[in-house]
Amino acid sequence: MKLKMMYSFLNSDINIIEKKLEETIRTESLLLKHASMHTLQAGGKRIRPIFVLLAGKFGDYDINVLKNVAVALELIHMASLVHDDVIDDADFRRGQPTVKSKWDNKIAMYTGDFVFALALELMTNIKNPLAHKILADTMVEVTVGEIEQIKDKYRYDQKFRDYLRRIKRKTALLIASSCQLGAIAANVEEDLHKKLYKFGYYVGMSYQITDDILDFTATGEVLGKPAGSDLLHGNITAPVFFAMEDHAVREKIQQVHQGTQPLDIQNIISLIKHSGAIERSIELSDRYLDKALAILNELPDSKAKKSLHDIAKNIGKRKF
């Protein structure tokens, strides 16, 4: 089943979210407007807004309230990608030129800042102080995660727990917060919104590990960027950690920062694929996915719960 079919009953509200995204990034500055719209039109799965809406279905669902949270979370995600592309010196994302390649680093950084600010402005429509504390804490952790990723580039002696902590901050926390904030905006009781947070966290961990696997197993055409990009940028991910247990493979991987040519990267990708690292990474992703599904079993039955279950399974098994 295609991802969009898993939440098709939300289609009209998803359209509202898309319109709200376009409305929000309008500004008198044509340059900021074009750069922000370029990021928006690059597409995306809109996973975070979908989780906001589905979590809201467990309480007092009101799209006029929830759209503010859904759009804010997507804007934060978009802004972080714009900044990421500057840090990674990436020219393409989702097969499209990045803001930094279409304009320059300065425009990209300020575009990211602008989009972040729009998210905070939208969240002022939510009157619950807890929602603002959760969002602020999440943004702090996401920023710390980005700094840690920069610090850990090409650091082959880091621990596996450093990787897990990094992807928690990079991906899992924003998905977890999407679930929790959607529930809080819908006045869901504390016990339930905390469970939805845990569900989102485990799904987010599985999502990022799968993303790290796809960097080696999917084609550049499917990824919208060159295969092995994470490795080329010095990001040590689960498949690399597992592959480096073989000393010979470790030596090859450590040559990447010494100016390895594209052909050598393909050879290294092949070594990683044949080391058993991909299979072990899939097992790790599946363990987090199983934890997410176990949390779902504690939630009341509903159409939203069924959608969360199907989406979680899709995320863990996706091919792009």
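The values are calculated or read from the model by the stated rules, or taken from the named source; none is laboratory data. Values in this document were obtained by computation on a predicted structure and should not be read as measured data. In case anyone asks, the SASA skips ligands and DNA or RNA and just uses the protein heavy atoms, side chains included. Shrake-Rupley method; radii C 1.70, N 1.55, O 1.52, S 1.80 Å.
Assorted remarks:
- Building the convex hull from the alpha-carbon atoms of the chain and averaging its projection over directions returns 15.5 nm².
- For TYR154, distant residues with modelled amide H under 5 Å away: ASN235, ILE236
- Across every direction, the projection of the convex hull enclosing the Cα atoms of the range 83-201 has a mean area of 8.8 nm².
- Seen against the Cα atoms of the chain and their longest principal axis, helix 105-123 is set at about 30 degrees.
- Ranked order, MET139, MET244 - accessible area, probe 1.4 Å, largest first: MET139, MET244
- Highest-MSF residue in the chain out of GLY200, GLY182, GLY276 [GNM, Cα springs under 10 Å]: GLY276
- Cα centroid separation, the range 129-150 to the range 86-127 (Å): 17 Å
- Highest-fluctuation residue, LYS57, LYS67, LYS170 considered, GNM on the chain with Cα pairs under 10 Å: LYS57
- Protein heavy-atom accessible surface, 1.4 Å probe, per residue over the chain: 47 Å².
- Under 16 Å from the Cα of LYS133 - aspartates and glutamates, other chains or at least 8 residues apart: GLU121, GLU141, GLU190
- 0 to 90° range, to nearest 10: angle between helix 63-87 axis and the chain longest Cα axis: 20 degrees
- For PHE92, the residues whose modelled amide H falls within less than 5 Å of its own, excluding neighbours fewer than 5 places apart on the same chain, are THR98.
- Acute angle (nearest 10 degrees) that the helix 190-217 long axis makes with the longest principal axis of the chain, alpha-carbon atoms: 30 degrees
- Which listed pairs, of LYS20/LYS102; LYS20/LYS291; LYS45/LYS195; LYS33/LYS317, have C-alpha distances above 29 Å, in listed order: LYS20/LYS291; LYS33/LYS317
- Computed with a 1.4 Å probe on the full set of protein chains, the accessible area for ARG161 sits at about 150 Å².
- Residue order for TYR61, TYR207 - accessible surface, 1.4 angstrom probe, largest first: TYR61, TYR207
- Candidates ALA227, ALA55, ALA292: whichever shows maximal mean-square fluctuation once the chain is modelled as a Gaussian network with Cα springs under 10 Å: ALA227
- Of ASP60, ASP310, the order by accessible heavy-atom surface (1.4 Å probe, DNA, RNA and ligands excluded), from most exposed downward, is ASP60, ASP310.
- Placed amide H near VAL188: partners under 5 Å, 5+ positions off or other chain: ASP60
- Helix-derived mean residue ellipticity, 222 nm - over the chain, DSSP H n ≥ 4, -39500 (n - 2.57), to 500: -22500 deg cm²/dmol
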